[in-house]
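Trainee: First the structure, then my questions, so here it is.
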Amino acid sequence: ALPLTVRDLSVYAGARHLLHVAKLNVAAGQAIGIKGPSGAGKSTLLFALAGLVRTATGHIGWGETDLLALNEGARTAFRANTIGMVFQDFLLFDALTARENAALTAGFSCKAHRAGLHRRAKDHLDHLGLKDADRMASTYSGGERQRIGVARALAKDAPVLLADEPTASLDRSAADALIADLLTTVRANGTTFITVSHDPGLLAHMDQVHKMTDGVLA
């Protein structure tokens, strides 16, 4: 796992100041929750931590890597090798099966890693209750699509997992089952886990919870 150090992080959209984080420290292997009202900047922070925001300034340190000091290509390579992401909007390819979506990053991995990634994708789909994984992604419900996205992120076996509202599309029982599976996996692997969420059931299991209001992290 990797520790995270954030200092004086700001994100702008033109002249508008979207986000400011003066200081944030996350130990390697910790589970951190970010809560706050809609529009507070939670997802913007998560995307900045993944290196997906071009207008970010300041310091984001994953271990010894200063993410914002990397050029675009190096930042993309770092994200591909280091960060698994669960997106609120799923971002699945409907013309692919659940299994193909969960193992999508195998197509961008070296040959030696592909078999393991396919195996982990299948294992995570099974564990998340999606044993009929050869159906097209378009045929699954919203909650099932979310679980495919989670399996895709976990299959990377990355040292960092970032999740944007991972339980938002699930009913309470399904959300609780997903939380248990997620936390069992990240604890077992020592993964650094950061999630933004409105779900008190998920936030209750975090090592720390930070609140974001009007773009400022408390």
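Trainee: Could you grab me the full set of residues in region 154-180 that are over 22 Å from residue 190 (Cα atoms) and either part of a strand (DSSP E or B) or out of contact with any Leu (no Cβ under 8 Å at 6 or more places or on another chain) (or both)?
Mentor: 168, 169, 171, 172, 173, 174
Trainee: Which numbered condition in (1) of a type outside the set (Lys, Arg); (2) open to solvent by 10 Å² or more (accessible area, probe 1.4 Å); (3) farther than 30 Å from residue 119 by Cα is the only one that residue 3 fails?
Mentor: (3)
Trainee: A further question on this structure: Would you be able to tell me the number of residues in region 168-178 that are open to solvent by less than 10 Å² (accessible area, probe 1.4 Å) and either acidic (Asp, Glu) or in contact with an Asp or Glu (Cβ under 8 Å, 6 or more places away or on another chain) (or both)? Don't jump to the end; show me each part of the working.
Mentor: To start, the set of residues in region 168-178 that are open to solvent by less than 10 Å² (accessible area, probe 1.4 Å) comprises 175, 178.
Filter once more, so that each one left must be either acidic (Asp, Glu) or in contact with an Asp or Glu (Cβ under 8 Å, 6 or more places away or on another chain) (or both): 175.
Residues in region 168-178 being open to solvent by less than 10 Å² (accessible area, probe 1.4 Å) and either acidic (Asp, Glu) or in contact with an Asp or Glu (Cβ under 8 Å, 6 or more places away or on another chain) (or both): 1 in total.
Trainee: So, one more: State which residue is modelled with the highest pLDDT when the search covers only region 101-123 and only residues that are open to solvent by 40 Å² or more (accessible area, probe 1.4 Å) and among the aliphatic types (A, V, I, L, M).
Mentor: By that ranking, first place goes to 104.
Trainee: So, residue 156, is that one crowded, with 18+ Cβ neighbours inside 10 Å and modelled with pLDDT under 90 or not?
Mentor: Working: crowded, with 18+ Cβ neighbours inside 10 Å: yes; modelled with pLDDT under 90: yes.
It is true that residue 156 is crowded, with 18+ Cβ neighbours inside 10 Å and modelled with pLDDT under 90.
Trainee: Considering only residues of region 17-62 that are among the polar types (S, T, N, Q) and more than 16 Å from residue 161 (Cβ to Cβ), which is least open to solvent (accessible area, probe 1.4 Å)?
Mentor: 44
Trainee: Restricting attention to region 124-136, does a residue exist that is outside any loop (DSSP other than H, G, I, E, B), at pLDDT below 90, open to solvent by less than 50 Å² (accessible area, probe 1.4 Å) and under 16 Å from residue 50 (Cβ atoms)?
Mentor: No - not one qualifying residue is present in region 124-136.
Trainee: Please enumerate the residues belonging to region 3-37 that are without any contact (Cβ under 8 Å) to a residue 12 or more places away in the chain and assigned to a loop (DSSP other than H, G, I, E, B).
Mentor: Here is the first cut: in region 3-37, the residues without any contact (Cβ under 8 Å) to a residue 12 or more places away in the chain are 14-16.
Residues satisfying the conditions are 14, 15.
Trainee: Is there a residue in region 76-93 that is modelled with pLDDT of 95 or more, hydrophobic (A, V, I, L, M, F, W, C) and surrounded by fewer than 16 Cβ atoms within 10 Å (Cβ to Cβ)?
Mentor: Checking region 76-93: not a single residue is modelled with pLDDT of 95 or more, hydrophobic (A, V, I, L, M, F, W, C) and surrounded by fewer than 16 Cβ atoms within 10 Å (Cβ to Cβ).
The values are calculated or read from the model by the stated rules, or taken from the named source; none is laboratory data. Because the structure is a prediction, the values reported are computed rather than measured. Backbone-built Cβ (ideal geometry, glycine too); neighbour counts: all protein chains shown. When the accessible area is computed, the model is the full protein with side chains, heavy atoms only, and any ligands, DNA or RNA have been set aside. Shrake-Rupley method; radii C 1.70, N 1.55, O 1.52, S 1.80 Å.
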